[in-house]
1. With the full set of protein chains in place, find how many percent of the accessible area of the chain is carbon and sulfur; take the probe as 1.4 Å.
2. Under a 1.4 angstrom probe, counting protein chains only, how are L105, L32 ranked by accessible area, largest first?
3. For I67, list long-range residues whose amide hydrogen, built 1.01 Å from N in the peptide plane, is under 5 Å from its own amide hydrogen.
4. So for the chain: antiparallel DSSP bridges make up what percent, rounded to the nearest 5?
5. Would you mind checking K31/K62; K16/K63; K34/K125; K16/K38; K31/K58 for any pair whose Cα atoms are more than 27 angstrom apart?
6. Give me a comma-separated list of calculated 3J(HN,Hα) values for the stretch 94-106, in order, Karplus coefficients 6.51, -1.76, 1.60 applied at θ = phi - 60°, integers in Hz, x for any Gly or Pro.
7. With P(r) over Cα pairs in 10 Å bins from 0, in percent as the read-out, I listed [x] 11, 33, 30, 22, 4, 0; [y] 7, 14, 15, 13, 13, 16, 12, 7, 3, 1; [z] 11, 42, 33, 10, 4, 0; which label goes with the value calculated from this structure?
8. Where only protein heavy atoms count, and the probe is 1.4 Å, what is the accessible area per residue for the chain in Å²?
Amino acid sequence: MDVDSDASGSTRGEKKEYYLNPIATPMASEKLTKRIYKVSKKCAKSKELKRGVTQVVKELRKKPRGICIIAGDVSPIEIICHLPILCENAGIPYIYIPSREELGLSTLTRRATSCVLLTPGKDSKIFSKYEKIREQILTDHPYMK
């Protein structure tokens, strides 16, 4: 067996499998997911993000800007099914990631988070990394232009 195992029975190096909703497209690649987690952590430290469905919807209606990150394993699906439509109407790129628990951890909260809106300013330190993620989402999914 190529996976290491601890005395407690947990495994290291094994990929976690998540339940994904049928509407969870476009799904981020593993590399892009890791980048998103890093940038969202930095945005959380500088308070340049909105977490949770209610805050994201309010921000999308008030002043639409940023990137919307939606967890693909949210159940029931009705909680997040309206977000892609709001993002498309506002012209904001969105992407799904596999786990809401990891999204919550990357935004420095202890609770799982269904969606996050990253909104760094142009004078922010992480704006260049944010722009790279935005460009990659737009090139991978050209219908979002």
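1. Summing carbon and sulfur atoms, their accessible area is 51 percent of the total for the chain.
2. Order by accessible area, largest first: L105, L32.
3. Those qualifying (amide H under 5 Å, at least 5 residues apart or on another chain) are L118.
4. 65
5. Cα-Cα > 27 Å for K31/K62; K16/K63; K31/K58; rest within.
6. The phi angles translate into 9, 8, 9, 10, x, 10, 7, 5, 5, 5, x, 5, 6 Hz.
7. Read-out from the structure maps to [z].
8. I get 62 Å² per residue for this part.
The values are calculated or read from the model by the stated rules, or taken from the named source; none is laboratory data. In this text, all values refer to a predicted model and were calculated from it rather than measured experimentally. Side chains are part of the model used for accessible areas, which takes the heavy atoms of the whole protein and leaves out ligands, DNA and RNA. Shrake-Rupley method; radii C 1.70, N 1.55, O 1.52, S 1.80 Å.
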